[in-house]
Amino acid sequence: ANDKPLFGRHLVITAGGTKEPIDPVRYLTNRSSGKMGYALAEAALAAGAKVTLVAAAKRDCSTAINLVIAPSAKEMLFAVEEAMKKADGFIGAAAVSDFALAAPFDQKVKKQGDGHLTLDLVQNPDILKTVGQNKKPGQAVIGFAAETQDLLANAQKKLAAKQADMIVANDVTAPQAGFDKDSNQVTLIQENQAPITIGPKAKSAIAKDVIEQVVTILDHQ
Ligand code: PMT
C-alpha cells in the first residue's frame, strides 16, 4: 500500500480561533484551540504532503510544517490566498470570526462615564467561500461546519454556498466533540454521497480519516 499518498501535493490548512482587535490590549475571539487544524496538518504531513498551516495561534507541531501565524480573519485570508497560489488543496478548520470591529481603537478604551460601550462590528471576509470561488482545476476545497442544531442540513447548505468538495460537519454540542476537546465526532458530507459519520475518537484519528477522504477527492479531480 502507498503510505505517502499525498507525496508531491501541497495542502493549506487553517487552525484556531481568530482574534479580532478591539484596542491595543483586547480582542474578540471564540472557543477554538486549534487542536483540530493542527491534527490535520500532522496527518497531511504523515501522508507525505507539503503542508502550510495558517494558524491564529502557535502550538507545538512538527518542524516540517510551514507554520504561518495569522491572528485575525483578514490576516488569515491574506496568508491563505498567498499559499493557495501553489497548493493542491485547502482545509478550513479555523473558527473564523464572522465579525470584526469597523474601526479598532488606537488607544486602550477607558471606562465610560455612563457605564455603556457600544462596539460597531462589520462582517469579515469569508475565507472558505473566497477559496471556493477562486478554486482552480485540480484543487480540492474542504470546509468545516460547526453547528449547534440541524447539523446535516446546515452542513449541506455550506457545501453549496462555499463551493466546497466536502464539509466536515461538527456537532459542537456532542459530549466528546468540538472546541478544545482532544476527541471529536464528525460527519463527512459530499455531493451525491451518503454522509459518513466518524468518531467519537481522538482528533488525530479523525484527522487521519479526513485526510484519507482528501486523497480520494484529489485522485478523482
Ligand atoms: O480548534 P479546536 O478547539 O480543536 O476545535 C475544532 C473546531 C470545533 C473549531 C473545528 O472542528 C470546526 O468545526 N471548525 C470550523 C469552525 C467554524 O467557524 O465553523 P463555521 O460553521 O462558522 O464556518 C464554516 C466554514 O467556513 C469553516 O470551514 C470556517 O473555517 C469557514 N469560515 C467561516 C467564516 C469566515 N468568515 N471565514 C471562513 O473561512
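Every number here is computed from the coordinates shown, using simple stated rules; none is lab data. As the structure is a prediction and not an experimental result, all values here were calculated from the model. FYI the Cβ positions are ideal-geometry reconstructions off the backbone, even for glycines, and counts take in every protein chain you see.
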If you take the charge dipole of region 107-163 about its Cα centre, with +1 on Lys and Arg Cβ and -1 on Asp and Glu Cβ, which of Q163, L152, N134 is farthest toward its positive end?
-> N134
Could you give the length gained on full extension between D180 and A194, defined as 0.36 nm per residue of separation minus the Cα-Cα distance, in nm?
-> 2.2 nm
Reachable lysines from K111, criterion Cα separation under 27 angstrom, eight or more residues apart if same chain = K19
Of K85/K162; K136/K162; K4/K162; K135/K157, which sit over 21 Å apart, Cα to Cα?
-> K4/K162
What the Cα atoms of the chain span along the principal axes, largest first and in whole Å, is 68, 35, 32
One finds the C-alpha centres of region 128-150 and region 177-211 to be spaced, in Å, by 16
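Suppose we flag trypsin sites (Lys or Arg not before Pro) only when DSSP calls them loop and at most 12 other Cβ atoms lie within 10 Å. Which is the longest uninterrupted stretch of the chain?
With trypsin sites (Lys or Arg not before Pro) excluded where exposed in loops, the chain gives 112-221 as its longest stretch.
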Which angle between 0 and 90 degrees, to the nearest 10, do you get for helix 35-46 versus the longest principal axis of the chain when only C-alpha atoms count?
-> 30
Helical contribution to [θ] at 222 nm, DSSP H n ≥ 4, -39,500 (n - 2.57), averaged over the chain, rounded to 500 | -8000 deg cm²/dmol
Reduced to Cα centres, the span from region 1-19 to region 67-104 in Å works out to 15
Nearest 0.05, what FRET efficiency do I217 and T63 give at R0 = 25 Å with Cβ-Cβ as r?
-> 0.35
Toy charge model, Lys and Arg Cβ at +1, Asp and Glu Cβ at -1: region 1-135 dipole around Cα centroid in debye, rounded to 20, equals 260
Specify the residue with the greatest mean-square fluctuation among P24, P175, P200, computed from a Gaussian network of the chain linking alpha-carbon atoms under 10 Å apart.
-> P24
Using alpha carbons only, how many degrees (0 to 90, rounded to 10) separate the axis of helix 151-161 from the longest principal axis of the chain?
-> 90
Dipole moment magnitude, nearest 20 debye, region 105-221 about Cα centre, only Lys, Arg, Asp, Glu C-beta charged | 240
